[in-house]
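Working notes, structure below.
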Amino acid sequence: AQIAVFVSGEARGSNMQALLDACMEQRIKGEVRVVIGTRAEAPALTRAREAGVAVHVVSPKKYEGQEEAYAHALLRLLRRYEINLVCLAGYLLRLPAPIVAAYSYRVLNIHPALLPLFGGKGMYGRRVHEAVIESGMKVTGCTVHFVDNDYDTGPILVQRAIPVFDEDTPETLAARLLPEEHRAYVEAVDIRTSRWLCVKGRRVLVYDPFK
Ligand code: GRF
């Protein structure tokens, strides 16, 4: 796959790095061709540059009120780099609908909880882990799913679970989950790019193998 990774301003880029490493070590058949950020200062973008990957900033602020123009700026970049798989890794906005339409079942996202629990608009970062602890649940985890036009609702591809301990804080939970996120994302890209899929629950058949 020819991959683009999308990150927001706050992203550290550890999931992006996991994908870069997996490509480099040929654990997934792919190449990260471009990393697209929403803000120039994102630590993830520095990391991407250091890894020799092309970096572009497309600021949604600049396109405020013009979602279509924002979408087209992104689509132009995706075409220019001949992208056939988009991986959201700490991209906190809703992906514009034209991109979801153009990349049907070719956009993945990672969420730091076991969806459909603890997802939705505004549920990201520390807030997710706070809600998990508050709920009293004894397990949590991460989810890699296809992106549709809503927040965290698309068909699920991979989940990995970890225990929640009584002494856990949002920070300890997030830290213990992160390596599982990296494994889950690499596994999800491998699954999506190496075989035909039947996504159960939603009765979706993806007959769209990668060359
Ligand atoms: C991860 O926790 C991911 O689940 C969420 O944003 C965070 C990004 O972390 N969507 P990183 O930038 O990949 O380290």
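Any read-out appearing in this document is the output of simple, stated calculations on the displayed coordinates, not a laboratory observation. Please read these numbers as outputs of a predicted model, since none were measured by experiment. So basically every Cβ, Gly included, is an ideal-geometry build from the backbone, and we count neighbours across all protein chains shown.
Some values worked out for this structure:
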quantity	calculated
Cα gyration tensor shape for the chain, rounded if a/c is under 1.5, else prolate or oblate	rounded
Amide H partners (placed H, <5 Å) of Ile162, local residues excluded	Thr140, Gly141
Exposure proxy ranking, count of Cβ atoms within 10 Å, fewest first, for Cys87, Cys142, Cys23, Cys198	Cys198, Cys23, Cys142, Cys87
Cα centroid of the stretch 1-39 to Cα centroid of the stretch 46-82, whole Å	14 Å
Sequence-distant aspartates and glutamates (8 or more away, or on other chains) whose Cα lies within less than 12 Å of Lys62	none
Residue among Ala22, Gln66, Tyr105 farthest towards the positive dipole end of the stretch 1-151, charges placed on Cβ	Ala22
Per-residue ³J(HN,Hα) for the stretch 54-60, Karplus 6.51 cos²θ - 1.76 cosθ + 1.60, θ = phi - 60°, Hz, x for Gly and Pro	5, 10, 10, 10, 10, 7, x
Label-point separation, Glu67 to Thr46 (7 Å along Cα→Cβ), nm	3.4 nm
Efficiency of FRET between Ala102 and Leu205 - r from beta-carbon atoms, R0 22 angstrom, step 0.05	0.65
Summed residue charge, Cβ within 14 Å of Thr46's Cβ, Lys/Arg positive, Asp/Glu negative	+1
Cα gyration tensor shape for the stretch 34-88, rounded if a/c is under 1.5, else prolate or oblate	oblate
For the stretch 150-191 and the stretch 92-128, distance of Cα centres in Å	13 Å
Rounded to 5, the percent of DSSP beta bridges in the chain classed as antiparallel	45 percent
From phi via Karplus (6.51, -1.76, 1.60), per-residue ³J(HN,Hα) for the stretch 101-114 in Hz, x at Gly/Pro	5, 6, 10, 4, 6, 10, 10, 10, 9, 10, 10, x, 7, 8
Relative packing of peptides 89-101, 51-63 - highest average C-beta neighbours within 10 Å first	89-101, 51-63
